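A.B. asks: Below you will find the structure I want to go over with you.
Just so you know, all these numbers are worked out from the coordinates, no wet-lab data involved. Please read these numbers as outputs of a predicted model, since none were measured by experiment. Here the Cβ is made from the backbone with ideal geometry for all residues, glycine too, and neighbour counts use every protein chain on show.
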């Protein structure tokens, strides 16, 4: 692979992946991003001028644009997605437009390309639904039981991607990852919201009883996993990527408060959101055994680095919060 189209590259995970790719490979990167609320060109300001990187402002639903781009790339990595569950509960339409229609437009454009060798579709653990406390972690063969409009739209896009492989022979691979954290995460997500509120000594809103469990992975580990699957994954396969780090939301919040020297009295329990999944956990034996990938960053190191990053980049998150 020489030239890669990365969609949604100005978002949290996409921008981290572009940084990781430029540090570890000599690929040429085209970043297509619609720059919605979560897309921020400041995430990639430090690579402006790198001859291996170019940016195109546009939507993945734009058939003409993505067809033209796909005609001159060797691979597509599709990060582009509306991804915030609360927003999908308020209005599901943008999630259907981007995550379902946009994915199909990309798949059709990839099929029309004469040089494309790999289509990597980035999905989420949320497509599996919710686990009970003593259930085993999700496996790639588990049924999809999404519980939010966001998760349903991502499950739909997974089905479309798999169908493109099965029906048309498109070289599709799918990854599903657990909750990411790290630099450049949009401030409405759990960790950056709690870090920023704690730094400003504002209340930290926690849904329900705070005992919802998530499997946390440091974003750079996720990026390494994505690159591993991009280069080595088998066509038509799905690979779970996870941090093997199950923590309740309340534990995460208390860890942040302790690291910042703020009192737990800042925690404010708020009404739970509709359809709130109780637990996610990812079984990663397949990717570990087939491709040799596993997460490297322990939670203590990852959360410390993330907190220090947000403390050092106050101008970045204040710019976003101010609109």
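A.B. asks: Calculate, in nm to one decimal, what residue 24 and residue 115 gain on full extension: separation in residues at 0.36 nm each, minus their alpha carbon distance.
C.D. replies: Gain on extension, residue 24 to residue 115, equals 30.4 nm.
A.B. asks: Here's another thing I want to ask about it. Would you mind ranking 221, 74, 48 so that the residue whose beta carbon has the fewest other beta carbons within 10 Å leads the list?
C.D. replies: 48, 74, 221
A.B. asks: Listing 306, 103 from the residue with the fewest other Cβ atoms within 10 Å to the one with the most, what is the order?
C.D. replies: Least crowded to most crowded, the residues run 306, 103.
A.B. asks: Using a Förster distance of 25 angstrom, determine the FRET efficiency expected from the C-beta separation of residue 145 and residue 93, and round it to 0.05.
C.D. replies: Plugging the Cβ-Cβ distance into 1/(1 + (r/R0)^6) gives 0.65.
A.B. asks: Shifting gears a bit: Which of 112, 88, 265 ends up with the largest GNM mean-square fluctuation for the chain, with Cα atoms connected below 10 Å?
C.D. replies: 265
A.B. asks: Express in whole angstrom the spacing between the alpha-carbon centres of the stretch 17-52 and the stretch 236-262.
C.D. replies: One Cα centre to the other: 26 Å.
A.B. asks: If I fit a long axis through the Cα atoms of helix 149-168 and take the longest principal axis of the Cα atoms of the chain, what angle between them do I get, 0 to 90°, rounded to 10?
C.D. replies: Its long axis makes an angle of about 20 degrees.
A.B. asks: Need the full-extension length gain, residue 132 to residue 300, defined as separation in residues times 0.36 nm minus the C-alpha distance. One decimal, nm.
C.D. replies: Length gained, residue 132 through residue 300: 57.9 nm.
A.B. asks: Counting each DSSP H run of 4 or more residues in the chain as -39500 (n - 2.57), what helix-only mean residue ellipticity at 222 nm follows after dividing by all residues, to the nearest 500 deg cm²/dmol?
C.D. replies: So the calculated ellipticity at 222 nm is -11500 deg cm²/dmol.
A.B. asks: Report the Cα centroid-to-centroid distance between the stretch 281-299 and the stretch 209-227 in angstrom, as an integer.
C.D. replies: 11 Å
A.B. asks: Cα centroid distance between the stretch 77-98 and the stretch 102-161, in Å?
C.D. replies: After rounding, the separation between the Cα centres reads 13 Å.
A.B. asks: So if we plug the beta-carbon distance of residue 163 and residue 209 into 1/(1 + (r/R0)^6) with R0 = 56 Å, what FRET efficiency do we get, rounded to 0.05?
C.D. replies: It comes to 0.90.
A.B. asks: Let me ask something else about it. Sorting 154, 202 on the 10 Å Cβ count, fewest up front, what's the list?
C.D. replies: Arranged by neighbour count, lowest to highest, 154, 202 become 202, 154.
A.B. asks: Ok, one more. Sort the stretch 61-139 into rounded, prolate or oblate with this rule: let a ≥ b ≥ c be the square roots of the eigenvalues of the Cα gyration tensor; rounded if a/c is under 1.5, and if a/c is not under 1.5, prolate when a/b is larger than b/c, oblate otherwise.
C.D. replies: Here the stretch 61-139 falls in the oblate category.
A.B. asks: Also, quick follow-up: Residue 231 to residue 51: extension gain in nm, 0.36 nm per residue of separation minus the Cα-Cα distance?
C.D. replies: Working: separation 180, 0.36 × 180 = 64.80 nm, distance 2.23 nm.
In short, 62.6 nm is gained.
A.B. asks: Indicate, rounded to the nearest 5 percent, the antiparallel portion of the DSSP beta bridges found entirely in the chain.
C.D. replies: Bridges in the chain that DSSP calls antiparallel: roughly 10 percent.
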